[in-house]
Amino acid sequence: MTLSNLYFELIATGVLFLVLLISRALIIGLIRRFSHSEQIIDRRVQLITKLINYVILGCALVGVFVIWGVDVRNLGVILSSIFAVIGVAFFAQWSILSNITSGVIMFFTFPYKIGDRIMIHDKEYEYVGIIEDIKTFHIVLVNDAGQRITYPNSLVLQKGVSILNQNNNLSSEPSSNDRKSI
């Protein structure tokens, strides 16, 4: 390795990190602006920000490997082995990945907010409650009896959901005018 190659790799690595940091700042700024316009709470923004940080870290690792000339064939064997193990684990627990993906989709398109009273039209039972929290894997509802119900995000996107009352209006029985089917 010559000195000029070393300088090139150092400069390319610096440029890569600079581009990724600027990209991260722009993406997170857009998400924060979106969350303020849609009145999304900070905890949900932090979850999406954490996911973006992981993606940018992965891009940085791949970029550094390419710049510094890591043999892609050897790296490919290692990564394919790791992904095979992870794939088997996710296949066994596919609902985890499904709930995380649903959580990201719900961040950008979820028409319900914390404090809204909703009804989830499940086949066996209709869940009625006030949304207490929206997490990465599930939402938390509090029903009229004060019980906390956790419901998986993937099922919330698959089932019919009615908004009974918005803006923390806590009347116990919705009138026929209060229901808005989604």
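Each value in this text was obtained by applying a stated rule to the coordinates, not by laboratory testing. Quick caveat, the model's predicted, so the values are computed rather than measured. Every residue, glycine as well, gets a Cβ built from its backbone with ideal geometry; the counts of neighbours run over all protein chains shown.
Quick notes on this one:
- Cα-based Lys proximity count in the chain, under 20 Å, for pairs eight or more positions apart or on separate chains: 8
- Per residue, the convex hull spanned by the Cα atoms of the chain measures out at 130 cubic angstrom.
- Rg to Rh quotient for the stretch 84-158, alpha carbon positions, Kirkwood Rh: 1.04
- As a length-normalised measure over Cα pairs under 8 Å and 6 or more apart, the relative contact order of the chain settles at 16 percent.
- Ordering Asp116, Asp71, Asp122 from the fewest to the most neighbouring beta carbons within 10 Å gives Asp71, Asp122, Asp116.
- Note on Arg148 and Thr2: the extension gain reaches 46.1 nm, defined as 0.36 nm multiplied by sequence separation minus the Cα-Cα distance.
- FRET efficiency, 1/(1 + (r/R0)^6) with R0 30 Å, evaluated for Ser81 and Cys59 via beta carbons: 0.90
- Estimated FRET transfer efficiency (Trp68, Glu38; beta-carbon r; R0 35 Å; 0.05): 0.25
- As a proxy for reagent exposure, Val70, Val45 were ordered by neighbouring Cβ count within 10 angstrom, fewest first; the result is Val70, Val45.
- Once the chain from Glu9 to Lys159 is taken as fully extended at 0.36 nm per residue, the excess over their C-alpha distance is 48.8 nm.
- The stretch 1-45, Rg to Rh (Cα coordinates; Rh as Kirkwood inverse mean 1/r): 1.37
- Under-5 Å amide H pairs with Ile139, H placed in peptide plane, nonlocal only: Tyr151, Asn153
- Rg and Dmax of the stretch 3-92, Cα atoms only, in Å: 17.5, 53
- Leu3, Leu47 arranged by Cβ crowding within 10 Å, fewest neighbours leading: Leu3, Leu47
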